[in-house]
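Accompanying notes for the structure given below.
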Amino acid sequence: MKKVNKIKWGIIGLGNIASQFAADLLLLEDAELTAVASRNFTKAEQFGEKFNASRIYNSYDLILEDKEVEIIYIATPHNSHAELAIKALEKGKHVLCEKPMALSYEDAERMITASKKHNKFFMEAFWTRFIPSIQDVLEKVKSGAIGNINYINADFAFYGSETENKRLFDKELGGGALFDIGVYPLFLSYILLGNPKEIIAKAIMHQNKVDLQTSIILQYENAQSILHASIVSDSEMKASISGTKGKFHLNSPWYIADGYSLFENGVEEAVFSLPALGKGYTHEAIECHNCIRNNKIESELWSHQNSLDLSKIVEEIKTQIGLSFA
Ligand SMILES: NC(=O)c1ccc[n+]([C@@H]2O[C@H](COP(=O)([O-])OP(=O)(O)OC[C@H]3O[C@@H](n4cnc5c(N)ncnc54)[C@H](OP(=O)(O)O)[C@@H]3O)[C@@H](O)[C@H]2O)c1
């Protein structure tokens, strides 16, 4: 059997999501976690030991000089994504950058420009785009299973703790519900219905000037999406996509749904079970591998333009709710 060369990953910022992603990389035979970088050497050593990375750095700059590393996964708070991604691309690395890729549309554009200029793959890590249940729902919607979509309802809410989830409440780090989790329901509406004609958003703000909760209506020609994100309340985290002929109901939590149901005239007609591999980050990593192996600088499933469109929608909401990271 032909031996496939492993894609060599480096991770920058060894926090919560970096651990989850690294655990998923271990499930992929053609992935190797080659190097990790933290601001703290001991932390990097421990992380490296846990996830089999042998090259350890206590500097984000140094990992970018490592010729062994092919693709950098950026897992730092949102405020540092743009500069780190651009630097990595300049150093000839491919980049998978955590969502939201940037705090402004302007920064998002700079990142895409850098990818094109240096001819290196770049993708915003919108993992939900690649999980089996979402892939399946998108295919079925495309083939007309529920007719034309006229209503989407999706939310993402949980009780954030100001002591345990400091990042979420910190304006300097790009905190707040909209940028951290509001992008998920926006993603769902965008991927199904495209760019809205009109956006209406209202938020409740924290004294730190980040949004605690934000509610959004996206108005399309013949459809509406009602979306919500909150770091101070709870929700069922289900999503429904209602069309002229039927409705899909994604299992909770919908952004990593292990399946979905099809309803017709209010009756559950079919149940589909489609669990993700690992924690679900494997699927986006596989997409990175496919693109890199095929010399593509962007994914067709979550393209540069998709990221830019989403960033523009978020930018408009940011303006409407008076959120500023300047
Ligand atoms: N796709 C998903 O499901 C998902 C889930 C959660 C988060 N995310 C995204 O991933 C990014 C990181 O989130 P997280 O929850 O992993 O955050 P986290 O646990 O706070 O980890 C972030 C890491 O970034 C590094 N960092 C660099 N500058 C920092 C600073 N000024 N303050 C704090 N940390 C700093 C730190 O690593 P070192 O100390 O090692 O340098 C830290 O451990 C965010 O953009 C978030 O939106 C995505």
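Counting other Cβ atoms within 10 Å, which trypsin sites (Lys or Arg not before Pro) in segment 54-132 have at most 13 and lie in a DSSP loop?
67
Given an 8 Å cut-off on Cα distances and at least 6 residues of separation, report the relative contact order of the chain as a percent. Display every interim value, and only then the final one.
Details: 684 pairs, mean separation 57.6, N = 326.
Relative CO of the chain lands at 18 percent.
Select from the chain the helices, each a whole stretch of DSSP H, whose alpha-carbon atoms run 24 Å or more along the helix axis and whose Kyte-Doolittle mean is at least 0.5; answer none if there are none. Can you show the working numbers first?
Values: long enough: 304-321 (26 Å, -0.50).
Helices passing the filter in the chain: none found.
Could you pull out the pairs from 279/312; 50/171; 116/296; 43/91; 50/93; 99/312 whose alpha carbons sit more than 21 Å apart here?
In this structure, 279/312; 50/171; 43/91; 50/93 exceed 21 Å between Cα atoms.
With a cap of 10 neighbouring Cβ atoms within 10 Å, and only residues DSSP puts in a loop, list the GluC sites (Glu not before Pro) found in segment 147-255. Intermediate values should be presented prior to the final figure.
Numbers: sites: 162, 164, 172, 198, 221, 236; in loops: 162, 164, 221, 236.
Answer in residue order: 164, 221, 236.
Over the alpha-carbon set of segment 1-134, work out the extent along each principal axis and list the three values in angstrom, largest first.
39, 37, 27
Sort 237, 123 so that the residue with the fewest other Cβ atoms within 10 Å of its own Cβ comes first and the one with the most comes last. Walk me through the numbers on the way to the answer.
On the way: 237 21, 123 28.
With the sparsest Cβ surroundings first, the list reads 237, 123.
Any read-out appearing in this document is the output of simple, stated calculations on the displayed coordinates, not a laboratory observation. All values derive from a computational prediction rather than experimental measurement. Backbone-built Cβ (ideal geometry, glycine too); neighbour counts: all protein chains shown.
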